[in-house]
Every structure is written in structure tokens, then in C-alpha cells.
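Just below is one structure, and these are the notes that go with it.
The values are calculated or read from the model by the stated rules, or taken from the named source; none is laboratory data. Remember, it's a predicted structure, so these values are computed and weren't measured experimentally. Note that each Cβ is placed from the backbone with ideal geometry, even for glycine, and that neighbours are counted across all protein chains shown.
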Amino acid sequence: MKKTFCAALVAAGLAAGTAVQAQQPREEVSLSGQPHSWTVRGEPAKISGAYGARWGMDIAQVKAAIAAAWPIALATAHMGADDAAGTLALEVTLPTLAPGPGPARISYVFSADERRLVGVHSTWAIAGNPAEAERAPLLSAAAALASEQVGYQWPVFATARGRVVAPGELVVFAGRDDAGAGAGVEIRLGGAAFDVELPGAQRRQEHRAAPAGPAVLRQTFVANAAQDALHEIKGFRGARFGMDEQQVRAAVALDFKEQAKLLQQAKLPGGARVLVLPLAQLAPGPGPAGVSYIFNGPGGRLAQVNLLWSSGPSPDAAERSRLAVAGAKLADSFRALKWRPGAATMGVPIGQQGVALFSGIDAHKAMVEVSLLGVPVRGPVGETAGGSGPAKLRVAYVAAKN
């Protein structure tokens with residue numbers, strides 16, 4: 001039997017996993033964007049895909065699903081590669097997609113190895129610097145999306161709601177569909193104004209104005225992270241952890257062809273050797289990038305690879321926004337891969353100057369982290385700092401320590 005509930009929200013971050021943020025002490029929560037009513041469906045949540053596309057489909061099968069759902073959408077389709085995450089994405093644009101306002105972009109993410117569907121991202125965006133009234137429809141759309149999810153039966157400790165993860169950044173709902181390595185869904189709102197309940201013995205509410213820049217609503221579905229198919233962090237492209245310098249040079253030559261001639265040798269302050277490769281472009285980041293291959297230990301074996309995109313010394317809002325958009329794409333790509341429960345986190349502040357958009361640790365304790373530096377970050381008691389000086393987007397692949 002279906003019923004409609006008008007219920008108070010338990011707005012605490014309760015879950016960890018592929019699509020759920022890591023819980024932090026003294027976190028801020030928000031009731032904004034939460035549905036006031038929903039249909040109780042009386043059945044367990046099960047995330048098998050989105051919009052008719054199912055996990056495990058190949059590219060041709062997903063194209064057929066798109067054609068069945070929106071016959072005109074394939075005319076806008078294009079494939080893109082994420083060089084940093086190693087994934088492929090098929091992206092389409094729709095003139096309208098309920099419940100969001102205006103056009104929507106849907107990205108179907110395929111695994112790096114088998115090219116099978118592992119994630120679907122839907123994005124609604126309002127460009128420029130819209131007024132608060134213009135941003136409001138995204139908040140209403142987020143509530144409508146959340147109402148579609150909260151009526152299902154979710155496992156205990158497998159959902160999170162109303163989590164404030166950065167200035168103007170709100171996880172409206174996130175959940176996993178079983179207590180183990182379940183498929184995940186996340187509804188995230190960025191560039192929005194909302195009310196916040198401050199941590200403390202006596203909860204105080206505070207209205208937060210939207211930060212300058214665009215407003216974005218994103219709904220993400222990720223596939224079941226089966227224990228026998230977890231993502232492994234082995235290095236970056238052909239350069240694998242444990243290689244010596246000559247092996248890395250050979251791998252870089254295969255990966256980057258003529259550009260590999262720009263490879264330079266240097267040393268870090270601690271004495272570790274490093275090979276640095278400047279690139280004119282590396283997707284999905286904007287503009288030039290640098291790749292650093294860091295060696296340490298006996299025999300100088302590859303232990304870390306850093307990718308870095310950086311603005312000038314005094315970037316404007318548009319430059320910071322381009323790096324932030326690229327960072328969100330990278331975080332989405334890594335989040336769509338298969339991780340152990342609790343091994344992937346998002347939205348964790350880094351000091352006073354940045355945020356770890358994504359961090360994942362594989363079964364062998366190797367790690368990947370996507371971080372955005374030089375952006376405003378909200379501290380544990382509500383203060384805001386950062387956002388000055390150059391802006392940097394960094395991806396670090398780190399080998400497991402012996």
C-alpha cells in the first residue's frame with residue numbers, strides 16, 4: 001500500500017561508500033532542499049542503472065537505450081576520454097529533463113578495462129552569476145529528486161541527507177542499495193543558497209547566501225562495486241608503480257608519443273628523483289598540465305604520480321570555475337569506479353585552502369586523490385577561509401607503502 005508521509009528530517013551523514021560522503025566531526029547539516037512529502041514504496045532500494053540504461057551494458061547497448069528514451073538525443077551524442085581516470089564517457093544534451101529547469105546533460109561512464117557502463121551523471125546548470133531567485137528552481141528540483149529516493153527501504157547506515165560539504169555545496173541525498181558493496185546514488189547541489197543548522201549543544205540556524213558563479217544540480221548513479229571487481233590503483237596510464245626510471249621513460253614514450261621528448265629530470269627537496277612532463281593539454285583539465293613521476297626507495301622505483309593544472313597567480317572567478325568544473329568531472333569519474341565500502345570519500349577540507357573532491361584507497365592500500373586548492377573552504381565552526389592566490393587542481397596516485 002502506498003502512503004504519503006510529511007515527516008521531520010533526520011539530517012545527519014550516516015553512510016560511507018561509493019556515493020556517500022565520509023562523516024566528519026561537527027559537520028553542518030541543512031534542511032533546505034529536503035522533500036516535505038514522499039510516497040512510501042514498501043520495497044528495498046535497488047539501483048540497476050538510469051533512464052533505461054543498465055549496469056554492464058556496452059556502448060552500443062547504451063546508445064540503443066538513449067534512442068528508446070529520447071529519439072532526438074543521439075544527434076547530440078559525443079564520446080570523451082578522461083585521461084586521468086582512464087574512463088570513457090558518452091554524453092548527450094536534452095532541451096529539458098524533469099524535474100530540473102532548462103536543458104540537462106547526461107553522461108554515461110564506461111569502465112577503463114571492459115568499457116561497460118558503471119555510472120550515469122545527470123547535470124542541470126545555470127551559467128553566469130544568477131540571482132538567488134534564479135537559483136531557487138534547482139533547489140526545488142533537488143527536493144523532487146530526493147523524494148523519489150527516500151520512500152524506498154534503505155539499509156541501516158546507508159544513507160546521508162542534508163550534508164554541507166563546502167560553501168554553497170550541499171549533498172541533498174546519498175545512499176547505497178545494500179549494506180555491503182552496493183550501487184549508489186547521490187543528489188548534489190552546488191552554487192545554491194540554503195539554511196544551515198550549526199553544530200553545537202544548541203542548534204542555531206543560519207542562512208548562507210549562494211557563492212558567486214554558476215549553480216549546478218547533479219544526480220549521480222554508480223554501479224554495484226562487486227568485491228571481485230574492485231578498482232586497483234597501479235599507477236598512471238602505462239607508468240606502473242615499482243618501475244625504474246628507464247621503464248617509466250619507455251611507458252611515457254608510448255603514452256605521449258612526441259610530447260615525451262619534453263620529459264625533464266629533477267630532484268625533490270628530500271632527495272627523491274622525479275621526472276616532469278609538461279603538456280599543452282590533458283583532459284579533462286583546462287589548459288596546460290604537468291605530470292610528475294616520483295621515485296623513491298632502494299633502486300629508485302616509481303612510488304607516486306601527480307597531475308597538476310594551475311592558474312596564474314591571481315585568477316579571476318572564471319579561471320577558478322573552470323578548474324572546479326574539471327575537478328567535479330574527475331571526482332565523478334573516480335566515484336563511478338568500484339571501491340570497497342568505506343574506501344571512497346568526498347568533500348573533505350584540506351587545511352584552509354582547499355578540498356579533497358575525491359579520495360579512494362584500494363584493497364592494497366594504494367591511493368588516488370583529487371584535490372582543488374585555492375578555493376573557499378568552510379571550517380568546522382562555520383568560518384570561511386581560502387580562495388586567494390593561485391588555483392590548482394591536482395590528482396595524486398600514490399603506491400602502497402611496503
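A residue that is of a type in the set (Lys, Arg), at pLDDT 90 or above and either assigned to a helix (DSSP H, G or I) or not assigned by TED's automatic domain parsing to the domain that holds ALA146 (or both) occurs nowhere in segment 48-55. The criterion of being in the same structural domain as ILE187 (by TED's automatic domain parsing), outside any loop (DSSP other than H, G, I, E, B), modelled with pLDDT of 65 or more and under 21 Å from GLN219 (Cβ atoms) holds for GLY80.
In contact (Cβ under 8 Å) with a residue 12 or more places away in the chain and either assigned to a strand (DSSP E or B) or more than 26 Å from PRO137 (Cβ to Cβ) (or both): does that describe GLY33? Judged against the criteria, GLY33 is not a match. Of the strands (runs of 3 or more DSSP E) lying entirely inside segment 207-325, those carrying at least 1 residues that are assigned by TED's automatic domain parsing to the domain that holds GLU186 and surrounded by 16 or more Cβ atoms within 10 Å (Cβ to Cβ) are 215-222. Among the numbered conditions (1) among the aliphatic types (A, V, I, L, M); (2) within 30 Å of VAL368 (Cβ to Cβ); (3) surrounded by 13 or more Cβ atoms within 10 Å (Cβ to Cβ), the only one that ALA60 does not meet is (3). Sub-8 Å Cβ pairs linking a first residue in segment 324-342 that is of a type in the set (Lys, Arg) to a second residue that is in a helix (DSSP H, G or I), at least 6 apart or interchain, are LYS338/ALA229; ARG340/GLN227, ordered by first then second residue. ALA141: outside any loop (DSSP other than H, G, I, E, B), within 22 Å of the chain's Cα centre (by Cα) and either among the aromatic types (Phe, Trp, Tyr) or under 28 Å from VAL62 (Cβ atoms) (or both), yes or no? Yes, satisfied.
Go through the residues of segment 114-132 one by one and say whether even a single one is within 30 Å of GLN61 (Cβ to Cβ), of a type in the set (Lys, Arg) and in a loop (DSSP other than H, G, I, E, B). There is at least one residue in segment 114-132 that is within 30 Å of GLN61 (Cβ to Cβ), of a type in the set (Lys, Arg) and in a loop (DSSP other than H, G, I, E, B). Considering segment 347-370, the residues that are surrounded by 19 or more Cβ atoms within 10 Å (Cβ to Cβ) and polar (S, T, N, Q) include one that is nearest to the chain's Cα centre (by Cα), namely SER359.
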